[in-house]
1. Under a Cβ-Cβ cut-off of 13 Å, what is the net charge of the residues other than N29 that fall near it, where Lys and Arg count +1 and Asp and Glu count -1?
2. Rounded to the nearest 500 deg cm²/dmol, what is the calculated helix-only ellipticity per residue at 222 nm for the chain, with -39500 (n - 2.57) per DSSP H run of length n ≥ 4?
3. Could you work out the percent of alpha carbon pairs in the stretch 2-107 separated by over 24 Å, rounded to a whole number?
4. With 28 Å as the limit, write out which pairs from K53/K93; K47/K93; K39/K105; K13/K65 have Cα-Cα distances beyond it, or answer none.
5. In whole Hz, what ³J(HN,Hα) sequence does the stretch 15-27 give by Karplus (6.51, -1.76, 1.60; θ = phi - 60°), x for Gly and Pro?
6. Could you give the length gained on full extension between T104 and R78, defined as 0.36 nm per residue of separation minus the Cα-Cα distance, in nm?
7. To the nearest 20 debye, what charge dipole does the chain have about its Cα centre, counting +1 at the Cβ of each Lys and Arg and -1 at the Cβ of each Asp and Glu?
8. How much length, in nm to one decimal, is gained on full extension between S66 and A9, taken as 0.36 nm per residue of separation minus their Cα-Cα distance?
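Only the coordinates and a few stated rules stand behind these numbers; no lab work does. Only a predicted model underlies this, so the values are computations on that prediction, with no experimental measurement involved. All Cβ positions, glycine included, derive from the backbone under ideal geometry; neighbour counts span all protein chains shown.
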Amino acid sequence: MLHKLYTDAEYRKELMDKENAEQQSMTDNFFLRDLGWWKSKIAGYDKRIANTKHPEDVRMYSRIKSFLSLLCYTNYTRMRSTGDTTGAEFAFKVYQLVDPENATKTRK
């Protein structure tokens, strides 16, 4: 029993490290990747959420998508406020891919 708890704790730590690395990569590369790349990345998260058996993995990939949604919203509003319409449009398109419901509400 103690071994299982230790293994579960290690597994959660590994997931946390993976999630943090993924979030950092998204932040660093947001405007460096094209829309096709983001579409593929988001589809990969959706596939993992649908097909993974471990609930911790499902929660991690769901949090990653939520993080990307917030990153899109933040970049979109920041680009709009600085007058960067190209950057704002790109951020909005990624936002529509990852979180269409909130993206639509943002644009109203």
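1. Details: positive: R33, K41; negative: E22, D28, D34.
Residues near N29 contribute -1 overall.
2. Numbers: 5 runs with 95 residues, N = 108.
Using -39500 (n - 2.57) per qualifying helix, the result is -30000 deg cm²/dmol.
3. On the way: 1666 of 5565 pairs.
Roughly 30 percent, rounded to a whole number.
4. On the way: K53/K93 30 Å; K47/K93 20 Å; K39/K105 20 Å; K13/K65 19 Å.
From the list (K53/K93; K47/K93; K39/K105; K13/K65), the Cα-Cα distance tops 28 Å for K53/K93.
5. 5, 4, 4, 5, 5, 4, 5, 5, 5, 5, 4, 4, 5
6. Working: separation 26, 0.36 × 26 = 9.36 nm, distance 1.72 nm.
That pair, T104 and R78, stretches by 7.6 nm at full extension.
7. On the way: 19 positive and 15 negative charges, 72 e Å.
Once rounded to the nearest 20, the dipole reads 340 debye.
8. Working: separation 57, 0.36 × 57 = 20.52 nm, distance 2.34 nm.
Difference between extended and current length: 18.2 nm.
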